[in-house]
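Quick notes on the structure that follows.
The values are calculated or read from the model by the stated rules, or taken from the named source; none is laboratory data. Predicted model, so just to flag it, every value in this text is computed and none were measured. All Cβ positions, glycine included, derive from the backbone under ideal geometry; neighbour counts span all protein chains shown. SASA here: full protein model, heavy atoms, side chains in, ligands and nucleic acids out. Shrake-Rupley method; radii C 1.70, N 1.55, O 1.52, S 1.80 Å.
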Amino acid sequence: MSRLLPGVIAMAAIVVASNILVQHLLGPWLTWGAITYPISFLVTDIMNRVYGPAAARRVVFAGFVTGVLCSLVAAGMDKTTLRIAVASGAAFLSAQLMDIAVFNTLRKYNWWLPPLAASVVGSVVDTALFFSIAFAAQLAVLFPADDVSWANEPVRLLGLGPVLPLWISLAAADWLVKFAQAILALVPFRIVVGNLIQRRAQIH
């Protein structure tokens, strides 16, 4: 377990930071949490490459538990709702497990393909689940106490495209950030994985 501790700490720190930063806007479509959260896919992919899918899942579950605790604290401070808490937990767990599955399927290919493909697919799952569960008007019947009418206000997609509910623009901007970070994360992935594998070889 000690070998996984850095990954567990990193994942927990990212989840806590993202839960705090999501409350602060970054322009009309994003929050600061959108910048920190995608790093969680990098942590998962590093753990998967170096220690395998079982270890990566343990780190993910640690992040999930941290996220649940953050939601409970935020709910007590009236900073979140049941609907957003459910959306966040479901999206995180589903997306990270999908990331692990895709990475493991592709792990024998070029070093960059597994983390890139896994992060992109995981990001699609994460964004689609979170924003639809949290804000789609069609699911309002499941959360009658939560008013999300503001998120369904018709606006142009990212201020330029067709007129759609606001939450779709929020989701599109969020995914574009995740996609960009999936590409940028290849550099630290390569460096960190190389260092960890070399360290393991020296120990053994």
With a 1.4 Å probe and every protein chain kept in, tell me what percent of the accessible surface of the chain is carbon plus sulfur.
72 percent
Here the residues of region 166-186 lying in the modelled label zone of S94, meaning backbone nitrogen under 20 Å from a point 7 Å along Cα-to-Cβ, are 166-179
Over the chain, consider all pairs of different Cα atoms and compute the Kirkwood hydrodynamic radius from their mean reciprocal separation; express it in Å, one decimal.
17.6 Å
Within region 54-95, backbone nitrogen closer than 15 Å to the virtual label 7 Å beyond the Cα of I20 toward Cβ
67, 70-71, 73-74
C-alpha long axis of helix 82-106 to longest principal axis of the chain, angle in °:
30 degrees
Counted charge near W112, where neighbours are those whose Cβ lies closer than 14 Å (Asp, Glu -1; Lys, Arg +1)
+3
Under the rule of at least 5 residues apart or a separate chain, name every residue whose amide H is placed under 5 Å from the amide H of T31.
L26
Backbone N under 14 Å from the L30 label point (7 Å along Cα→Cβ), restricted to region 170-203:
170-185
Computed lengthening from A54 to A128, 0.36 nm per intervening residue step minus Cα-Cα distance
24.1 nm
Work through the residues other than Y37 whose Cβ is under 10 Å from its Cβ and net out their charges, Lys, Arg +1 and Asp, Glu -1.
-1
Kindly report the accessible area of region 102-170 per residue (heavy atoms of protein chains, probe 1.4 Å, no ligands, DNA or RNA), in Å².
54 Å²
For the charge dipole of the chain, defined by +1 on Lys and Arg C-beta atoms and -1 on Asp and Glu C-beta atoms about the Cα centroid, which residue among N19, P6, G33 has the Cα displaced farthest towards the positive pole?
P6
Under 5 Å from the placed amide H of V155, counting only residues 5+ away or on other chains, we find L164, L166
So if I take the centroid of the Cα atoms in region 28-48 and the same for region 156-204, what is the distance between those two points in Å?
6 Å
Rank-order 63-75, 151-163 by packing density, defined as the average count of other C-beta atoms within 10 Å over each peptide's residues, highest first.
63-75, 151-163
Which whole-number percentage describes the relative contact order of the chain, with Cα contacts under 8 Å and a sequence gap of 6 or more?
21 percent
At 7 Å along the Cα-to-beta-carbon direction for both L160 and N104, put a label point, then send me their distance in nm to one decimal.
3.9 nm
C-alpha long axis of helix 39-51 to longest principal axis of the chain, angle in °
30 degrees
Helix 53-76 vs. the chain, principal-axis angle (Cα, 0 to 90°, nearest 10)
30 degrees
Let me check I've understood the local charge: for S132, count other residues with C-beta under 13 angstrom from its C-beta, Lys and Arg +1, Asp and Glu -1. What total comes out?
-1
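Which of rounded, prolate or oblate describes region 19-131 when judged by the alpha-carbon gyration tensor and an a/c cut-off of 1.5?
Judged from the Cα gyration tensor, region 19-131 comes out prolate (a/c at least 1.5, a/b above b/c).
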